[in-house]
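Participant: Questions regarding the structure given below will be posed in turn.
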Amino acid sequence: MKYKTVGKTGIQVSELCFGTMSFGGNADRETSKQLFHRCLDKGINFFDSANVYSGGVAEEILGELIAGRRDEVVITSKAGFPSGTDLNARGSSRRHLFLAVEQSLKRLKTDRIEFYFIHRFDSLTSIEETVRALDDLRRQGKILYSAVSNWAAWQIAKALGVSAKECLAGFELIQPMYNLVKRQAEVEILPLAESEKLGVISYSPLGGGLLTGKYGIGKRPETGRLVEQNNYTKRYENETYYAIADRFSAYASERGIHPATLAVAWVLSHPAITAPIIGARSVEQLEPSLAAVDLEFTEEWRKEITALSIDPPLATDRSEEAAN
Ligand SMILES: NC(=O)c1ccc[n+]([C@@H]2O[C@H](COP(=O)([O-])OP(=O)(O)OC[C@H]3O[C@@H](n4cnc5c(N)ncnc54)[C@H](OP(=O)(O)O)[C@@H]3O)[C@@H](O)[C@H]2O)c1
């Protein structure tokens, strides 16, 4: 396992982050424990969570698992999606962020969260209010760095400008979706991260299971997130994605490599990526993703695999006239 510095911070994290979204959901307490320890054995020191994963149970389980070894791990959490029925229990207002951090710290049984994410853009709250609230939480020591997920590049860039203008701490880490069929991040988000030296931990390297060999045109497993969860069925409903999955699985099998290994390695090979966030419901599923760090992944493979999918449209027109 290699370790990388997160953006401009001095924090060293493993080049794979483990996502705890399955904890308390399709991974029960015992399986979560096995997943956590297998990650530690492999050298992973970086664990991603959120206040809404399994209604808070994922954070509780992570809290139990890190007890006694808190200083060996770097953890994240997030707020933004509804965390209760109250009208204000959502979004990135000062009120909700202060409440959500307190609740997460309790569930995680810790006094600090290294990277605290705004989970999604909140159009009702000004960016000024959000970055000031995060800066205050940092000064209180409850979060060490602020971070953002699922924001457009212009929103992140605007927030960085606001932080600089107001002398507030800016985002250090971002968390976009990124995999072989969802490459939107390449257009503006990853270039922004490289330009501003932001860390990037991207999620869904396997497309929620799409790139593991079990999906294809006319091919669906009996169980699996893309057939069980409506939001994922919709996110990946484009049949072109299944055609890409077929081509990708064939490419992997020609080389005798598990598609999941190759899919994670492909994400990891992008120069802007600090660590892909891997996910699994069992240790058996986890192994191929972990194996990505042992693969000697070449530039040529990156090019060939990328060519199996579809380039996202560029951010501006007249790019054919670009000077460099
Ligand atoms: N910021 C955000 O909005 C956001 C959103 C999503 C995720 N995340 C974070 O990113 C983490 C990873 O995301 P993700 O779970 O979407 O990642 P992913 O790697 O794209 O998908 C993981 C899923 O793929 C399937 N899978 C994994 N390995 C497999 C294997 N060897 N064989 C067959 N199926 C396999 C499993 O689902 P099935 O068994 O159901 O098929 C597993 O839960 C999450 O835990 C979370 O921390 C963040």
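Participant: Using only alpha carbons, build the gyration tensor for the range 194-318 and give me the equivalent ellipsoid semi-axes, biggest first, whole Å.
Facilitator: Listed largest to smallest, the semi-axes of the range 194-318 are 22, 19, 16 Å.
Participant: Express in nm, to one decimal, how much length is gained between Tyr3 and Lys197 on full extension, taking 0.36 nm for each residue of separation and deducting their alpha carbon distance.
Facilitator: Difference between extended and current length: 68.2 nm.
Participant: With a cut-off of 13 Å, note down the residues of the range 120-138 whose backbone N falls inside the zone around a label point 7 Å from the Cα of Ala152 toward its beta carbon.
Facilitator: Correct set: 121-123.
Participant: Here is a follow-up. Could you tell me the relative contact order of the range 1-149? Use alpha-carbon pairs under 8 Å, at least six residues apart, and round to a whole percent.
Facilitator: 19
Participant: With 10 angstrom as the radius, rank Trp151, Trp301 by how many other C-beta atoms surround their C-beta, starting from the fewest.
Facilitator: Arranged by neighbour count, lowest to highest, Trp151, Trp301 become Trp301, Trp151.
Participant: Hey, another quick one. About its Cα centre, how strong a charge dipole does the chain have in debye, to the nearest 20, once Lys and Arg get +1 and Asp and Glu get -1 at the Cβ?
Facilitator: Here the size comes out at about 700 debye.
Participant: Further question: What percent do you get for the relative contact order of the chain when only Cα pairs under 8 Å and 6+ apart count?
Facilitator: About 17 percent, as a whole number.
Participant: Under a crude label model (7 Å from the Cα following the beta-carbon direction), how far is Ser282 from Thr240 in nanometres?
Facilitator: 3.5
Participant: Would you please give the FRET efficiency between Arg70 and Glu166, computed as 1/(1 + (r/R0)^6) with r the Cβ-Cβ distance and R0 = 30 Å, to the nearest 0.05?
Facilitator: Calculated value: 0.40.
Participant: Continuing with the same structure: Which one of Ala250, Ala291, Val162 is farthest out on the positive end of the charge dipole of the chain, using unit charges on Cβ (Lys, Arg +1; Asp, Glu -1) and the Cα centre as origin?
Facilitator: About the Cα centre, the residue reaching furthest to the positive side is Val162.
Participant: Would you list which aspartates and glutamates come within 13 Å of Lys142, measuring only between C-alpha atoms, while excluding same-chain residues fewer than 8 positions from it?
Facilitator: The reachable aspartates and glutamates, counting only those whose Cα sits under 13 Å from Lys142, are Glu102, Asp111, Glu114.
Participant: Still on this structure, please answer the following. For the range 3-175, what is the charge dipole size about the Cα centre, in debye to the nearest 20, if Lys and Arg each add +1 at the Cβ and Asp and Glu each add -1 at the Cβ?
Facilitator: The dipole of the range 3-175 has a size of about 160 debye.
Participant: Same structure, new question: Set Lys and Arg Cβ to +1 and Asp and Glu Cβ to -1, take the dipole of the range 3-175 about its Cα centre, and tell me which of Met21, Ser54, Gln175 lies farthest positive.
Facilitator: Comparing the listed Cα positions along the dipole, Gln175 ranks first.
Participant: Over the range 231-271, with a single point scatterer placed on each C-alpha, what log10 of the ratio I(q)/I(0) does the Debye formula yield at q = 0.19 1/Å?
Facilitator: Result of the Debye calculation: -0.66.
Participant: For the range 243-299 and the range 8-80, write down the distance between their C-alpha centroids in whole Å.
Facilitator: If you average the Cα positions of each part, the centres end up 20 Å apart.
Participant: Can you tell me what share of the DSSP beta bridges in the chain is antiparallel? A percent to the nearest 5 is fine.
Facilitator: For the chain, the DSSP antiparallel bridge percentage is about 15.
Participant: Looking at the range 3-175, what % of the alpha carbon pairs are farther apart than 20 Å?
Facilitator: The calculated P(r) of the range 3-175 puts 49 percent of pairs beyond 20 Å.
Participant: Per the Debye formula with a single identical scatterer at each Cα and no solvent contribution, what log10 I(q)/I(0) holds for the range 57-142 at q = 0.20 Å⁻¹?
Facilitator: Computed log10 I(q)/I(0) values: -0.91.
Participant: Right, something else. With θ set to phi - 60° and the Karplus curve 6.51 cos²θ - 1.76 cosθ + 1.60, what are the ³J(HN,Hα) couplings of the range 7-16 in order, to the nearest whole Hz, using x for Gly and Pro?
Facilitator: x, 8, 7, x, 8, 9, 10, 5, 6, 10
Participant: While we're on this one: Which residues' amide hydrogens lie under 5 Å from the amide hydrogen of Glu114, considering only partners 5 or more residues apart or on another chain, with H built in the peptide plane?
Facilitator: For Glu114, whose amide H was placed from the backbone, the distant partners under 5 Å are Ile75, Leu144.
Participant: If you take the Cα atoms of the chain, find Rg, then find the Kirkwood Rh from the mean of 1/r over all pairs, what is Rg/Rh?
Facilitator: Answer for the chain: 0.95.
Participant: What ranking do Phe115, Phe297 get, fewest neighbouring Cβ atoms within 10 angstrom at the top?
Facilitator: Placing the least packed residue first, the sequence is Phe297, Phe115.
Each value in this text was obtained by applying a stated rule to the coordinates, not by laboratory testing. Nothing here was measured: the structure is a model prediction, and the numbers come from that model. No Cβ is skipped: glycine too gets one built from the backbone with ideal geometry, and neighbour counts run over all protein chains shown.
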